[in-house]
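**Q** One structure, pasted below without further comment.
The values are calculated or read from the model by the stated rules, or taken from the named source; none is laboratory data. Just so it is clear, the structure is predicted and the values come from calculations on it, not from any experiment. Cβ: placed from backbone, ideal geometry, glycine included. Neighbour counts: every protein chain shown. With ligands, DNA and RNA removed, areas are computed over all heavy atoms of the protein, side chains included. Shrake-Rupley method; radii C 1.70, N 1.55, O 1.52, S 1.80 Å.
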Amino acid sequence: MKRLVLAVAVFSSVALAQNVPQQLALTARLSQAGQPLTGSHTLLLKLFDTPSAGSELWSESALASAESGLVSLTLGAQTPLTPAILDGRPLFVEVAVDGQVLSPRLPVVSVPYAVRASIAATSATLGNLSPTDVALASHTHQGLYLPLGAQLACTGTQKVTGLGANGSVVCGPDDTGAGVTAGAGLTQSGTQLSVSFGGSGAANTAARSDHNHSGVYLPVGAQLSCTGTQKVSGLNASTGSVVCSAETAYTAGAGLALSGTQFSVAFAGLGAATTAARSDHGHVYNCPAGYLRHWFPGPTPEGTHTLCTKAVAGNVTWPAAVRSCALNHGSGRLCTIQELTIARSPTTPSSPQQVLNSGYWLGDRLADDQAAITNATTGDNFDASADPLSTASGYYCCTGGNFFR
């Protein structure tokens with residue numbers, strides 16, 4: 001779109017002395033590329049207090065019909081132009097035609113400020129007072145105020161001591177502080193007296209002579225320290241004196257060690273824990289991962305025996321099974337016939353009972369050239385023999401011992 005030009009702008013006031021319309025008339029000529037505009041156009045008009053930028057004080061949109069570029073508008077027809085806007089400051093009009101802002105802004109000439117004529121006689125000067133509220137310039141206040149006397153100041157060292165009936169000041173000698181001196185507890189600097197504070201503290205007020213601190217501080221007692229090896233063990237509430245007593249000597253009893261003033265548990269044996277065990281604690285043996293735990297009672301709880309068993313499937317020889325229990329299964333060993341008898345016994349408090357598989361290596365060697373192997377087809381007689389270098393279908397690993405429950 002080619003640039004629009006605001007060729008002519010003329011403001012004329014329609015203000016009267018009374019009942020002032022809050023409106024202004026605007027006549028302008030619009031042209032584009034040197035040709036006057038015709039037809040209907042939307043104009044957006046704004047008032048600012050500066051030629052550029054500044055604060056927007058008022059705005060209004062209007063649909064104007066241009067004839068040979070000439071448009072005539074009445075500003076304030078929709079949004080009134082109040083005296084608060086036309087308050088005497090410089091104003092500038094910004095015009096936008098069909099959304100295109102024209103520049104520069106146009107200054108508002110003095111004619112529109114006749115809007116303020118309706119308030120010039122009252123609002124701007126007398127604060128909206130009525131004529132009956134305004135006094136004549138020649139009025140007097142006789143009987144209400146003292147007259148302004150001929151003498152309004154004193155000379156030399158004299159000071160004003162009052163006012164005469166004619167409004168003149170009454171003078172007299174300056175006797176302020178004459179003969180005044182600072183007594184005990186006070187200091188004097190010129191005409192200023194101050195309390196002579198002593199000691200610590202920052203308060204600028206003086207305490208009464210009979211004040212007390214009862215209930216706030218202990219009185220200073222006669223005895224403030226102990227003699228010999230005695231130590232302070234308290235304070236006497238009535239006198240403030242310290243209470244002395246013999247120093248308590250501490251020694252380390254059984255199971256404790258004392259170093260200076262520090263007691264410690266006299267730990268012994270292996271381990272790194274810094275906490276002590278309870279006297280009735282137990283040491284239930286925990287089987288390695290993958291093992292079944294079995295136990296059977298002895299004559300006392302301390303004599304309870306714990307047994308752990310593990311069935312391992314795999315085609316191995318007897319020597320390989322021995323090594324595998326030790327290296328791969330919790331440092332175990334091949335189970336003996338006696339251990340498997342206990343593990344599979346229905347009368348043993350086992351949880352759960354070990355079920356035997358046929359053809360698994362055991363730990364009993366029957367002869368130099370034979371090894372024990374399970375034989376589930378003969379009941380409890382499962383100590384069959386086999387060549388140690390032949391391959392069995394699995395083996396049994398055991399571990400355990402006598403442990404406190």
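**Q** Give the calculated FRET efficiency between residue 390 and residue 264 to the nearest 0.05, with a Förster radius of 51 Å applied to their Cβ-Cβ distance.
**A** It comes to 0.25.
**Q** Less than 15 Å from a label point 7 Å out along the Cα-to-Cβ axis of residue 251: which backbone N atoms in segment 221-235 qualify, by residue?
**A** Answer for segment 221-235: none.
**Q** Which whole-Hz couplings ³J(HN,Hα) result when phi for each residue of segment 218-230 is put into the Karplus expression 6.51 cos²θ - 1.76 cosθ + 1.60, θ = phi - 60°, listed in order with x for Gly and Pro?
**A** 6, x, 6, x, 6, 9, 10, 8, 9, 10, x, 8, 6
**Q** Calculate what fraction, in whole %, of the accessible area of segment 183-243 sits on carbon and sulfur atoms when a 1.4 Å probe is rolled over the protein chains.
**A** In segment 183-243, the share of accessible area belonging to carbon and sulfur is 52 percent.
**Q** Go through 49, 368 and list them by solvent-accessible area, largest first, probe radius 1.4 Å.
**A** Reading off the accessible areas and sorting them downward yields 368, 49.
**Q** Out of residues 5 or more away from residue 305 or on other chains, whose amide H comes under 5 Å of its own, with H placed 1.01 Å from N in the peptide plane?
**A** 296, 298
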